[in-house]
């Protein structure tokens with residue numbers, strides 16, 4: 001039987017970072033991935049003459065060399081920053097809500113963002129400045145909490161991050177009102193909410209503020225060769241550090257000790273058993289406890305089932321036979337809503353018929369040569385906040401899929417004035433069924449567990465030690481302590497990898 005200090009299950013974003021951190025900490029490490037490519041959602045695929053990005057719209061908190069974000073620093077520590085060719089996204093976003101006669105383009109840069117908001121909403125400057133000052137304190141408080149693995153000193157928190165502590169238990173909408181932010185400014189500032197998949201009545205302010213601040217302060221980036229470039233860079237780094245990688249190999253069972261239920265090994269789909277006392281699972285706890293482990297304590301089952309699944313994904317990929325100027329596609333990143341009230345929009349996203357919201361990207365606006373000359377690529381994404389696709393019969397599946405795709409195209413053309421339908425050369429559609437099959441995500445969830453008051457970003461970071469219920473088992477990725485999103489997944493792998501190195505060293509002593 002082969003033996004490893006640690007086994008990482010799943011080569012998604014969190015799993016790749018965890019493997020690098022384990023190897024940097026001196027652990028003999030095996031990475032197991034059931035797909036024939038690494039990266040999970042962080043990958044690309046070809047249709048005709050187009051190479052589509054599978055999931056990444058933009059990576060926040062990376063930043064250029066003269067304005068490095070936390071992700072940039074992390075990638076340098078991992079040894080992969082110089083292996084990736086980055087492109088900067090030109091502007092933050094354009095949000096359109098025809099029902100509310102709202103059409104706003106927002107730039108990157110805190111000062112530029114506040115200036116632009118003041119033009120759209122005269123008198124908003126003071127509240128916007130307060131928002132970004134508070135958001136920066138949130139970012140610094142999170143960095144401190146992560147640095148001490150969730151064991152924050154309450155005295156330090158109150159002394160250095162007092163405003164963060166005061167705002168920590170409130171929702172986004174509650175803090176917006178406390179800041180006396182004008183309604184229209186709140187509507188424009190709320191555009192990013194769908195990236196986190198919870199309404200702003202339910203979402204913790206510190207979570208949303210952290211994301212918005214990181215986007216606006218340092219801009220957003222994307223790899224020139226799609227997110228698969230990041231995944232391949234990390235695989236290369238793992239091999240440089242002496243790690244072993246098994247692709248086309250599925251972990252089918254986690255072996256546990258009959259004495260304390262702790263990790264004892266992994267069984268692969270070819271029947272081979274790998275001995276290890278440490279696993280980082282880059283997959284859903286629902287999958288781990290429901291399929292990979294025979295003996296699970298009631299405590300783990302209850303805590304996992306108490307959490308709520310976040311958005312189920314639907315994405316349409318278009319390859320178009322005309323350039324963005326010809327199409328009338330003016331911007332890189334669009335948010336199209338029926339209402340800028342996130343609570344109402346969230347409710348609409350619980351049905352297929354009522355959901356018309358979309359986040360749409362034209363990659364060529366950041367990278368003109370992303371596709372052949374005279375062509376364009378666009379990605380259209382929406383979320384479903386209930387398992388409505390699970391109720392679609394096999395006979396109606398194709399019909400419903402085409403219905404949603406047609407709605408997306410019509411909505412985009414109506415709201416922007418662009419003409420794309422007659423220029424479609426390639427089209428590919430991923431529904432929640434696709435994501436469930438591709439990544440074994442329950443119900444086709446792409447955002448992990450939803451951010452709730454009791455289960456938001458800061459509670460998870462502060463409860464990391466309490467969540468360590470099975471000896472030797474830690475989680476990384478969108479279902480773990482940092483919640484969903486590329487940046488969060490990378491940091492979750494960083495945390496879980498370093499924690500596991502500490503576990504191994506303590507066992508050695």
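The values are calculated or read from the model by the stated rules, or taken from the named source; none is laboratory data. Only a predicted model underlies this, so the values are computations on that prediction, with no experimental measurement involved. Cβ sites come from the backbone with ideal geometry, for glycine too, and all protein chains shown count toward neighbours.
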Query - Selection within the stretch 484-498 - over 17 Å from the mean Cα position of the chain (by Cα) and surrounded by fewer than 23 Cβ atoms within 10 Å (Cβ to Cβ) - result: 498
Query raised in the report: Among the residues of the stretch 364-413, how many are within 18 Å of residue 54 (Cβ to Cβ) and either modelled with pLDDT under 95 or in contact with a helix residue (DSSP H, G or I) (Cβ under 6 Å, 6 or more places away or on another chain) (or both)?
Result: 5
Query - Residue under evaluation residue 103, criteria (1) touching a strand residue (DSSP E or B) at 6+ places or on another chain (Cβ under 9 Å); (2) on the phi > 0 side of the Ramachandran plot, criterion not met - result: (2)
Query raised in the report: Which one of these does residue 438 not meet: (1) modelled with pLDDT under 90; (2) touching a helix residue (DSSP H, G or I) at 6+ places or on another chain (Cβ under 8 Å); (3) within 30 Å of residue 392 (Cβ to Cβ)?
Result: (2)
Query raised in the report: Out of (1) in a loop (DSSP other than H, G, I, E, B); (2) out of contact with any helix residue (DSSP H, G or I) (no Cβ under 7 Å at 6 or more places or on another chain); (3) surrounded by 16 or more Cβ atoms within 10 Å (Cβ to Cβ), the odd one out for residue 116 is which?
Result: (1)
**Report entry** Filter result (in a helix (DSSP H, G or I) and modelled with pLDDT of 95 or more) within the stretch 218-238
**Finding:** 228, 229, 230, 231, 232, 233, 234, 235, 236, 237, 238
Query - Residue within the stretch 273-291 that is without any contact (Cβ under 8 Å) to a residue 24 or more places away in the chain and crowded, with 18+ Cβ neighbours inside 10 Å present - result: yes
Report summary line: Restricting attention to the stretch 310-354, the residues that are buried (at least 21 other Cβ atoms within 10 Å of the Cβ), over 30 Å from residue 368 (Cα atoms) and in contact with a helix residue (DSSP H, G or I) (Cβ under 6 Å, 6 or more places away or on another chain) number exactly 3
Query raised in the report: Looking at (1) in contact with a strand residue (DSSP E or B) (Cβ under 7 Å, 6 or more places away or on another chain); (2) modelled with pLDDT under 95, which is the only condition residue 420 fails?
Result: (2)
Report task. Answer yes or no as to whether residue 299 is within 24 Å of residue 2 (Cα to Cα) and over 18 Å from the mean Cα position of the chain (by Cα). Result -> no
Query raised in the report: Of the residues 492, 428, 451, which is under 25 Å from residue 356 (Cβ atoms) and touching a helix residue (DSSP H, G or I) at 6+ places or on another chain (Cβ under 9 Å)?
Result: 451
Report task. Counting only residues that are under 26 Å from residue 215 (Cβ atoms) and at pLDDT 95 or above, give me the strands (runs of 3 or more DSSP E) lying completely in the stretch 264-363 with at least 2 of them. Result -> 312-320, 333-336, 358-362
**Report entry** Breaking point among (1) in contact (Cβ under 8 Å) with a residue 24 or more places away in the chain; (2) within 30 Å of residue 36 (Cβ to Cβ); (3) surrounded by fewer than 16 Cβ atoms within 10 Å (Cβ to Cβ), for residue 163
**Finding:** (2)
Requested in this report: Could you check residue 111 against (1) over 20 Å from the mean Cα position of the chain (by Cα); (2) over 23 Å from residue 336 (Cα atoms); (3) part of a strand (DSSP E or B) and say which number it fails?
Outcome: (3)
Query raised in the report: Scanning for something modelled with pLDDT of 90 or more and either touching a strand residue (DSSP E or B) at 6+ places or on another chain (Cβ under 9 Å) or not in a loop (DSSP other than H, G, I, E, B) (or both), does the stretch 141-154 turn up at least one residue?
Result: no
